[in-house]
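The values are calculated or read from the model by the stated rules, or taken from the named source; none is laboratory data. Treat the numbers as computed from the prediction; the structure is a model and nothing was measured. Virtual Cβ from ideal backbone geometry, glycine too; neighbours counted across all protein chains shown. When the accessible area is computed, the model is the full protein with side chains, heavy atoms only, and any ligands, DNA or RNA have been set aside. Shrake-Rupley method; radii C 1.70, N 1.55, O 1.52, S 1.80 Å.
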2 protein chains.
Amino acid sequence: MAEVSLYSPFPASEVAQWNFETDVAIIGFGATGACAAIEAADAGAKVMLFERNSGSGGASGLSGGEIYIGGNGGTDAQRAAGFEDSTEDFIAYLKAAGGPCVDDTKCEHYGREALNHFAWLKAQGVPYRGNYLPGKHIEPTDDSTLIWSGSEAAAPFCDLAKPAPRGHVIQHMGWGGGRPLVDVLEASARAKGVEIVPDARALALVRDGDRIVGLVVRIDGQNRFVRASKGVVLATGGFVMNEAMRRKYCPETFRINDAIGDKDDGSGIELGVGAGGDAIHMEQFFTTCPWTMPESHAYGVFVNVQGQRFINEDCYHGRVSRCAVDQPGGKVYLLLDNAHFVQPMDFARIEIAGTGETWEEVEAELGMPANTLSATMAVHNGHAKEGRDPLFDKKPPILTPLDQGPFIALELNFQTSYFSFFTLGGLRTSAQAEVLDRSGKPIAGLFAAGRCTSGLPAWGHGYSSGLSLADCTFFGRQAGIGAAKG
Amino acid sequence: MAEVSLYSPFPASEVAQWNFETDVAIIGFGATGACAAIEAADAGAKVMLFERNSGSGGASGLSGGEIYIGGNGGTDAQRAAGFEDSTEDFIAYLKAAGGPCVDDTKCEHYGREALNHFAWLKAQGVPYRGNYLPGKHIEPTDDSTLIWSGSEAAAPFCDLAKPAPRGHVIQHMGWGGGRPLVDVLEASARAKGVEIVPDARALALVRDGDRIVGLVVRIDGQNRFVRASKGVVLATGGFVMNEAMRRKYCPETFRINDAIGDKDDGSGIELGVGAGGDAIHMEQFFTTCPWTMPESHAYGVFVNVQGQRFINEDCYHGRVSRCAVDQPGGKVYLLLDNAHFVQPMDFARIEIAGTGETWEEVEAELGMPANTLSATMAVHNGHAKEGRDPLFDKKPPILTPLDQGPFIALELNFQTSYFSFFTLGGLRTSAQAEVLDRSGKPIAGLFAAGRCTSGLPAWGHGYSSGLSLADCTFFGRQAGIGAAKG
C-alpha cells in the first residue's frame, strides 16, 4: 500500500474507494479558493471546496481587503479622481514591482484584464464606495475606496510608469476589509452551489499516470478519497507558519519575528512539488513595520547604524521596511524633527533611541562617530530646501527639511519592533494558473493560485499593497476556469 | 514506456536490458566524483564513473586548487607558521561563513575531520610545499601552501573565532592548481580500478520502489542503462551555466556577466529533485571581482554611488564583491590615493572613473553632491589616523589613511567589469552525503556532494576560497563511502 504523503501523489490504482466524487476539488478557503470555486461553478462544474479550518478566511481574511487594480483608462474611482491609468503604465509598474523575480506573462495578462476583474468582483457583491482618499495611508482611515498603495510616485518606479493610485479597498470602516471581502466571496460561492467541506485537511494528491485526479483529505480522523474528474486547485497560502520550510528556503525571515498568516504551512507547495511542480523564488518575503503611522512620520529620514540613508523614504512603507531589514546591525533609525514627531503607536514597538537640540547631539546620543548622521542630515536638509534629493531622488512634499529642533531618532529594531512578514515564493504557474513542472509543461489536472505560488508580488523589495489579493482573486479565478475545463 | 527524463526517475520495471552493472555509479568527474570514486573503490565496491566531457576536470579543474583546512591544533603548514588552529575556532568560522544558510551538522563533521582529510589528500598524492605566504592574495603568487583565503581576521568573523589562515593550495606555480589537483585524484582513482566512462551524459536516474538503483546515460547517441546495486552519486556541479534555472532560482546573478563553470547546467539538481530530493538556498551565489590585484589596492576604500562605505574592506575579496553587487546603481567605486594606486589588471576591466587633487575634486568629477564621498573620506581618514574604524571595524594595516594626493576612483561596474560567479544552492544532503527528501529522510541509494548540493559554502556573503573544494573533496568522499555501503 502506498503511503499517503504531502510529498508524493497517491496512486489512483491503489484507491480502494472514492468517498467523494466531484468535477473540481479546491483546497483552501481564502480569497483564492473562493474565486476558483465561483468560476468553476459558473462554468457548470460540480465543485467541492475543502478547508482545514472550521470556516473560510485564510490569510486573506486577516488582510486589509485591498486589491491592486488599474489600467485601461482607469477604474471608476481612478477616473473620478482624475487618474487616467493606461494599461501600458499599469503593466510597466507591475513588471517593475516584480523586479528580478517578475513573471512578465502574468503581469501582461492581469494588466489587460484588471478592469474586467474589478467588474467581476463587484458582480459578486463586493461593495466599493468609489472615492479617492489622498495622502499616505497603509489602509484607508475610513470606508474610502482608492488609495496610493505602492511606490508608484517614487523613484525609480515613477520614471518607469506614469503614477496612479491603484489600491482598491472594499467599503469597510478602517482596517480589516479582508474578512468582509472573503464573506462576500463565500456567499457568492455558496449561492452557486459550491459544496464546502470544513475541518478537512488535505493530506495528498491522487495521480493516475501523468494526471492529478483527486486528493486525500482528513475528516473526523479518517482519510477520505476525493475523485476530481476535471481538476484540483491548490489555494493553500504560503509557508510563513512553517519554521522548517523557512529555515530551508527563506532563512532571512529569522531576522524578524511577526509572521502573518493563518495556517500557512506550505502544504500546497509541498503537494505541488511532489506532483512534479517547481517551487521558485522561495527566498522572497514581504515585510513591513508600520512606521508611517502616525502619518507625519512618513516625512522622516531613515538611516542605518552607520548613519547612512539607504532609500528614498517616499516609496511604499513595505519597500522601505524590506530595504531596512537588509541593513547591517539589526536595526535602523527613523529621524524626525519637532514638526513631525508624534508618539508612535504602541503596537509598532518603535522606541525612542536618542534625542537632541541638534542632529550632532542625536548622533552623539546614538553613539555614532561625529560627522556621520549629522553629515547625512546636513546634506539631506540642504538639498531638501532646494526641493531635490540627488542621492535617492525622494520627491516633495515627502521630501522636506527636518530642521526644527528638538530632534529625535526612533529605533526600528528587527527583533523587537513589529515587523510583520509573509512568504512570496511558491509554485511556478502559468498565467492560466496551471501548475508547471520543472521542464515548464503544465501538470494535467493541477492548478494553483495565491501565495502557494510565485505570482504578481514575486519580489519582496517591490511589494505593493493589494498585489497579493490581486494575485489571489484573479489567478484564483483562472485556476477555477482551467480546472472546470478539465 | 516511461519517458527518460531528468525530472523523474525511470522505473526499473521498464528497463529492458541493463547495459552496465556496477556497485556504485558516479556522475561527474570533477574533484567530487574523483573523491567519491576513490573511497567507494577503497571500500571494495565496483565503481563506474560517467562524465559527459571527454576527460576529467569540471569546475574543480578551472579552480585554483585551494582547500579550506584547519582545526585540531593546525595542519603542518599552519603550525610551522605559528597558527595553532583549534577545532572550536575552525567550526565557529565555518558556521559564521554559512550565515543564515548554514548547515551546522556539516560544519561540525568537517570541522572535526579536516586534518584527517588533509592527510587523506596527501595520501592520494596531492603535493603541498608546507610553507606559509603572508599577505593578501587571491592565490599564491608562487608554489606556497598556506594563505589567508577568507575573512578570518576581519570583523565580525574575528570576534567569533580566533583567526588563522586556512587556504591550503596544491604545490603549483601561480594560478590554476585545480587542474593538477584533479589530475592527482584521477590517477588515484584509476590506480584503484575505477572504470571511467567519458562522453557519457546522464539522462535519468532509475528507481525501483523507493530506491535509486541505477541511471540512464547517453553514449554514442544511444541510451544505455546502468544498474548500480549499491548506490548512485551525483557529482555534477551547480547550475551557473543554465540560464533558465538561474532565471527561476537565482535571478540576482543577471546583474553580473562572468559565469564560471564547465557544463554546470544543474542536471544533478534536477535528477535529485526528481527523485524526491529537496533543493535549498537556490538564490545563493559566489561572486568576486579581482580588485585586490595589484595587492596595494587591498588598502582602498569602497563607496557606492551615494558615496557611502558599505563594508570593512579588509574582509575576503569575494565578500566585499558580493556586498558590492547588493549596492544600488549598478556600480561601486574603489578609492585610492597616490601611495596605493597602480594600473589595474586588464582582465579585471576596472576603469578609472575620476581623479582629483583632493577628495572633493574626485567627488565632483564623479558627479556626486558635495559632502558625500568627501565627508566619507574625511571620517575614514580621521579615524584611520587613530588606527580605528568605528563604522565598519576595518583593522590595521589594511586600515590606513588615504591622504596622499592625487586621488583616484576606480569603477567596478557590475555589467562591464569582471565579476566572476557561480551558484551555491542545490540538493539538501546529510553530513554523510545522503540526498534527503523533503521530509528530511535519506533517499535510498542516492548520494550527492559538491556544488549540486548546498554545502559548506552555503551563503554567498560568507564565502571563503577553498570552501567549495573542501566541500567537494570531503563530502565527495562521504558520498563514495555511503554508496559503497549500499
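Per the listing A:G33, A:G65, A:G44, the residue uniquely in contact with a strand residue (DSSP E or B) (Cβ under 7 Å, 6 or more places away or on another chain) and at positive phi is A:G65. The set of residues in the range B:71-96 being within 16 Å of B:L133 (Cα to Cα) and aliphatic (A, V, I, L, M) consists of B:A77, B:A80, B:A81. You will find that of A:G174, A:G135, A:G130, the residue that is open to solvent by 30 Å² or more (accessible area, probe 1.4 Å), farther than 24 Å from A:S454 by Cα and more than 17 Å from the chain's Cα centre (by Cα) is A:G135 and no other.
The requirement of being outside any loop (DSSP other than H, G, I, E, B), more than 20 Å from the chain's Cα centre (by Cα), more than 10 Å from every other protein chain (Cβ to nearest Cβ) and free of Cβ contacts under 8 Å to residues at least 40 places away in the same chain is satisfied by A:R218. Among the residues of the range B:285-303, those that are in contact with a helix residue (DSSP H, G or I) (Cβ under 8 Å, 6 or more places away or on another chain), open to solvent by less than 20 Å² (accessible area, probe 1.4 Å) and either in a loop (DSSP other than H, G, I, E, B) or basic (K, R) (or both) comprise B:C289, B:P290, B:W291, B:T292. In the set (1) away from chain A (no Cβ under 14 Å); (2) within 36 Å of the chain's Cα centre (by Cα), B:T372 fails one condition alone, (1). Applying the criterion of being touching a residue at least 40 places away in the same chain (Cβ under 8 Å) and hydrophobic (A, V, I, L, M, F, W, C) to the residues of the range B:246-265, the residue that is most open to solvent (accessible area, probe 1.4 Å) is B:I260.
Pairing residues of the range A:141-152 that are in contact (Cβ under 8 Å) with a residue 12 or more places away in the chain and closer than 20 Å to A:G460 by Cα with residues that are of a type outside the set (S, T, Y) and in a loop (DSSP other than H, G, I, E, B), at Cβ distances under 6 Å and at least 6 apart in sequence or on separate chains, gives A:W148/A:P165; A:S149/A:G466; A:S151/A:C315; A:E152/A:P163.
Annotation: of all residues in the range B:386-404 being surrounded by fewer than 19 Cβ atoms within 10 Å (Cβ to Cβ) and within 13 Å of chain A (Cβ to nearest Cβ), the one that is nearest to A:P369 (Cα to Cα) is B:P390.
No other residue among B:G237, B:G231 is part of a loop (DSSP other than H, G, I, E, B), of a type outside the set (D, E, K, R), buried (at least 24 other Cβ atoms within 10 Å of the Cβ) and more than 14 Å from chain A (Cβ to nearest Cβ) apart from B:G237.
Inclusion of B:F310 among residues that are part of a loop (DSSP other than H, G, I, E, B), surrounded by 21 or more Cβ atoms within 10 Å (Cβ to Cβ) and within 13 Å of another protein chain (Cβ to nearest Cβ) is warranted. Taking first residues from the range B:155-166 that are open to solvent by less than 60 Å² (accessible area, probe 1.4 Å) and partners that are of a type in the set (A, V, I, L, M), the Cβ contacts under 7 Å between residues at least 6 apart in sequence or on separate chains come to B:F157/B:A96; B:A161/B:A92; B:A161/B:A96; B:P163/B:A153; B:P165/B:L146; B:P165/B:I147; B:R166/B:I69.
The residue list A:G462, A:G450, A:G440, A:G466 contains one member that is within 30 Å of A:H109 (Cβ to Cβ), at pLDDT 95 or above and touching a strand residue (DSSP E or B) at 6+ places or on another chain (Cβ under 8 Å), which is A:G466. Given the condition at pLDDT 95 or above, within 22 Å of A:V320 (Cα to Cα) and open to solvent by 20 Å² or more (accessible area, probe 1.4 Å), answer yes or no: does some residue in the range A:190-209 qualify? Looking through the range A:190-209, none of the residues is at pLDDT 95 or above, within 22 Å of A:V320 (Cα to Cα) and open to solvent by 20 Å² or more (accessible area, probe 1.4 Å). Of the candidates B:F407, B:F419, the single residue that is of a type in the set (A, V, I, L, M, F, W, C), over 15 Å from B:G300 (Cα atoms) and buried (at least 20 other Cβ atoms within 10 Å of the Cβ) is B:F419. Residue pairs whose Cβ atoms lie under 6 Å apart, separated by 6 or more positions or on different chains, with the first residue in the range A:398-424 and closer than 18 Å to A:V240 by Cα and the second open to solvent by less than 20 Å² (accessible area, probe 1.4 Å) and of a type in the set (D, E), do not occur.
Within the range B:457-473, is there a residue that is among the hydrophobic types (A, V, I, L, M, F, W, C), open to solvent by 20 Å² or more (accessible area, probe 1.4 Å) and within 23 Å of B:R319 (Cβ to Cβ)? Yes, some residue in the range B:457-473 is among the hydrophobic types (A, V, I, L, M, F, W, C), open to solvent by 20 Å² or more (accessible area, probe 1.4 Å) and within 23 Å of B:R319 (Cβ to Cβ).
With respect to the conditions (1) more than 25 Å from B:G425 (Cβ to Cβ); (2) open to solvent by 50 Å² or more (accessible area, probe 1.4 Å), B:K95 falls short on a single one, namely (1). Across the range A:405-416, a minimum of one residue is classified as within 14 Å of another protein chain (Cβ to nearest Cβ), under 26 Å from A:L467 (Cβ atoms), part of a loop (DSSP other than H, G, I, E, B) and at pLDDT 95 or above. Within the set B:C101, B:C107, the sole residue that is closer than 14 Å to B:F475 by Cβ, open to solvent by less than 10 Å² (accessible area, probe 1.4 Å), under 16 Å from the mean Cα position of the chain (by Cα) and not β-branched (V, I, T) turns out to be B:C107.
Among the residues that make up the range B:266-285, is at least one of them more than 13 Å from chain A (Cβ to nearest Cβ) and touching a Phe, Trp or Tyr at 6+ places or on another chain (Cβ under 7 Å)? No, there is no match, as no residue in the range B:266-285 is more than 13 Å from chain A (Cβ to nearest Cβ) and touching a Phe, Trp or Tyr at 6+ places or on another chain (Cβ under 7 Å). Keeping to the range B:99-129, report how many residues are on the phi < 0 side of the Ramachandran plot and not in a helix (DSSP H, G or I). Final tally of qualifying residues: 6. Counting only helices (runs of 4 or more DSSP H) that fall entirely inside the range A:1-98 and contain at least 2 residues that are within 14 Å of another protein chain (Cβ to nearest Cβ), the qualifying elements are A:87-98. Of all residues in the range B:240-254, which are farther than 19 Å from A:G277 by Cβ and either more than 12 Å from chain A (Cβ to nearest Cβ) or more than 19 Å from the chain's Cα centre (by Cα) (or both)? If the condition is that a residue be farther than 19 Å from A:G277 by Cβ and either more than 12 Å from chain A (Cβ to nearest Cβ) or more than 19 Å from the chain's Cα centre (by Cα) (or both), then B:V240, B:M241, B:E243 are the ones that fit.
Residue-by-condition table, conditions (1) charged (D, E, K, R); (2) free of Cβ contacts under 8 Å to residues at least 24 places away in the same chain; (3) open to solvent by 40 Å² or more (accessible area, probe 1.4 Å):
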| residue | (1), (2), (3) |
| --- | --- |
| B:T22 | no, no, no |
| B:I26 | no, no, no |
| B:A36 | no, no, no |
| B:N53 | no, no, no |
| B:S56 | no, no, no |
| B:S60 | no, no, no |
| B:G65 | no, no, no |
| B:R112 | yes, no, yes |
| B:N116 | no, yes, yes |
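In a residue-by-residue description of the range A:437-447, the property of being open to solvent by 10 Å² or more (accessible area, probe 1.4 Å) and within 23 Å of the chain's Cα centre (by Cα) applies to at least one position.
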